[in-house]
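Once you've had a glance at the structure underneath, I'll fire off some questions.
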Amino acid sequence: MIECFLFSKRMFLRRRPTVVLFGKQFHTNSHLWNQQYPIHKQFENMDQFLEYFQSKMPVEQMPSMSNELQTISLSKPFNKKSDIVKIMIKGFEKKNEKWFQFSLLKNNHQMIHQNYPINDFIPQLVSQMPLFSQIQFYYHPQDFSQKLWQFTRKSKQSAIQWQEMIRTIKEDNMKQETTQVNRKKNYILDELDSNHRFLQEIQFMDPTNRTIFPSKFSKYKQMNRFLESVQDVLQDSDLHQQEFHVIDFACGKAYLSFALFDWLRSKSSSSTEVHLHGVDVKQDVVDWATTIAGKLEWNNNMHFSCSSIQDFQTPTANMVVALHACNTATDEVIKYAIMNQVKYCFVAPCCHKQVFPQIENDQMNSLLKHGKMKQEIASLVTDALRAKVLECFGYQVDVVEFVDSEHTAKNLMIRAVKKQQAEVSKQHWEEYTQFKQFWGIETFQLDSLFDSTTH
């Protein structure tokens, strides 16, 4: 698979733009690539462009062309107050027919999904195109090459720039990279005895040849890496008790929930009942996950609720997980685990906003005076505080890289296993307070766990 992205100047400062060829990363400006721009056109208005575009993608040829099309991205709406800020379009199979899913990202970060049959795809796409200043079409790679179409327009009145680019790997490097490509990695989910029905239902796997769709392979790797992290610390004895309960907070569309549930069932004894409860504040994703669980006939042991973390109430669990729960939601998950004596806690934090405005240290001014560096330091300090709080309450904690940074910058995971039932450790408490004082932090979300009589 090749994934090609346009990077802003700010992102370029963070890392050089790359593409991924069958899981191997290359710099787009490296010596490995030849880039050609065989077509570069300019159109004075939208009507002229749409006439050209519809000749490029006629409805009668869509069944064959749709097999090559990987992703369409519409971004940068002209209306800065638009309710929809981005649209991602991907194809999928439904009852042996080609459909397209429009994923509409709203300005409140909510995602809406709309599915259209192939005959309605072009009209729906054309109706959205005039609203965005940048549109990109990515095609599946063929023979170490990748095709990209790009539409750009500065304003609704300005001319439209249209480029059709082909990127190919240089012949001298092809043999070397083919050797790397042909090396097959074994994933945990590949080893399950199940027929991978859940991967098909969540539209990760092609049911005809049982291979992962290229557009989903990055998330598939993330799911497997998470299961490896769980496998490293999970004790076999826990999967031989009568019941094992898991809560997945901020579960979203529950891709991870289904993978974790299937894997735990495969590892547990025949007498152990595995239960998983997914929690999210978005009713649409809860309904979607509930429907999938019903199709898989897992709905007796899998349940999903629309609730905040603070308001969720359920009997105690053996494990809580939360991947990329925003801001202080990660702290609420940690608080839930500590207050309910949950043995296993796995959290991969997302954005951090509470510590950033507080952090201050004259000795570290050379770092903190630069906004980007301060942001990175604030993230690390926040996660260090979270780890230390867990240690205060008897957890053995380590912080590991969850996935490669090429997949997401939010790639740290805090793994915690309850080891002691004793009171708060005085040593860890003193280290926690000293660490806060060093960075000038007065209040932290998890401070409420320590009452006035603790020390």
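Report, by residue number, each residue of segment 249-281 that is surrounded by fewer than 21 Cβ atoms within 10 Å (Cβ to Cβ), in contact (Cβ under 8 Å) with a residue 24 or more places away in the chain and out of contact with any strand residue (DSSP E or B) (no Cβ under 7 Å at 6 or more places or on another chain).
Answer for segment 249-281, where residues must be surrounded by fewer than 21 Cβ atoms within 10 Å (Cβ to Cβ), in contact (Cβ under 8 Å) with a residue 24 or more places away in the chain and out of contact with any strand residue (DSSP E or B) (no Cβ under 7 Å at 6 or more places or on another chain): LYS253, SER266, LYS267, SER269, SER271.
Just name the residue that is farthest from ASP447 (Cα to Cα) out of those in segment 307-327 that are part of a loop (DSSP other than H, G, I, E, B) and under 18 Å from the mean Cα position of the chain (by Cα).
First, the residues of segment 307-327 that are part of a loop (DSSP other than H, G, I, E, B): 307-318, 324-327.
This time we only want the ones that are under 18 Å from the mean Cα position of the chain (by Cα), so: 324-327.
Working: HIS324: 21, ALA325: 19, CYS326: 19, ASN327: 16 Å.
Filtering first and then ranking leaves HIS324.
Could I ask something else about it? With respect to PHE226, is the statement that it is closer than 21 Å to ASN340 by Cα, out of contact with any Lys or Arg (no Cβ under 6 Å at 6 or more places or on another chain) and either assigned by TED's automatic domain parsing to the domain that holds CYS345 or in contact (Cβ under 8 Å) with a residue 40 or more places away in the chain (or both) true? It would help to see each step written out before you state the result.
Values: closer than 21 Å to ASN340 by Cα: no; out of contact with any Lys or Arg (no Cβ under 6 Å at 6 or more places or on another chain): yes; either assigned by TED's automatic domain parsing to the domain that holds CYS345 or in contact (Cβ under 8 Å) with a residue 40 or more places away in the chain (or both): yes.
No: the conditions fail for PHE226.
Does segment 299-322 hold any residues that are over 18 Å from LYS343 (Cα atoms) and without any contact (Cβ under 8 Å) to a residue 40 or more places away in the chain, and which are they?
Listed by number, the residues that qualify are ASN299, ASN300, HIS303, SER305, CYS306, SER307, SER308, GLN310, ASP311.
Does LYS335 satisfy the criteria of being at negative phi, in contact with a Lys or Arg (Cβ under 9 Å, 6 or more places away or on another chain) and not hydrophobic (A, V, I, L, M, F, W, C)? Steps first, answer last, please.
Numbers: at negative phi: yes; in contact with a Lys or Arg (Cβ under 9 Å, 6 or more places away or on another chain): no; not hydrophobic (A, V, I, L, M, F, W, C): yes.
It is false that LYS335 is at negative phi, in contact with a Lys or Arg (Cβ under 9 Å, 6 or more places away or on another chain) and not hydrophobic (A, V, I, L, M, F, W, C).
Checking the structure you have, find out if any residue of segment 254-261 is at pLDDT below 95 and either charged (D, E, K, R) or in a strand (DSSP E or B) (or both).
no
Given the conditions (1) modelled with pLDDT under 80; (2) in contact with a Ser or Thr (Cβ under 9 Å, 6 or more places away or on another chain), report the number of the one that THR179 does not fulfil.
(2)
Kindly establish whether VAL85 is surrounded by 13 or more Cβ atoms within 10 Å (Cβ to Cβ), of a type in the set (A, V, I, L, M) and at pLDDT below 70.
Working: surrounded by 13 or more Cβ atoms within 10 Å (Cβ to Cβ): yes; of a type in the set (A, V, I, L, M): yes; at pLDDT below 70: no.
It is false that VAL85 is surrounded by 13 or more Cβ atoms within 10 Å (Cβ to Cβ), of a type in the set (A, V, I, L, M) and at pLDDT below 70.
Select from segment 320-372 the residues that are over 21 Å from CYS392 (Cβ atoms), in contact with a helix residue (DSSP H, G or I) (Cβ under 9 Å, 6 or more places away or on another chain) and basic (Lys, Arg) and list them in ascending order.
Selection gives LYS353, LYS372.
In addition: Please specify each residue of segment 377-413 satisfying the condition of being acidic (Asp, Glu) and either part of a loop (DSSP other than H, G, I, E, B) or at pLDDT 85 or above (or both).
The initial filter retains those residues of segment 377-413 that are acidic (Asp, Glu), namely 383, 391, 398, 401, 404, 406.
Matches in segment 377-413: ASP383, GLU391, ASP398, ASP404, GLU406.
The values are calculated or read from the model by the stated rules, or taken from the named source; none is laboratory data. All figures in this text were calculated on a predicted structure; none of them were measured in a lab. All Cβ positions, glycine included, derive from the backbone under ideal geometry; neighbour counts span all protein chains shown.
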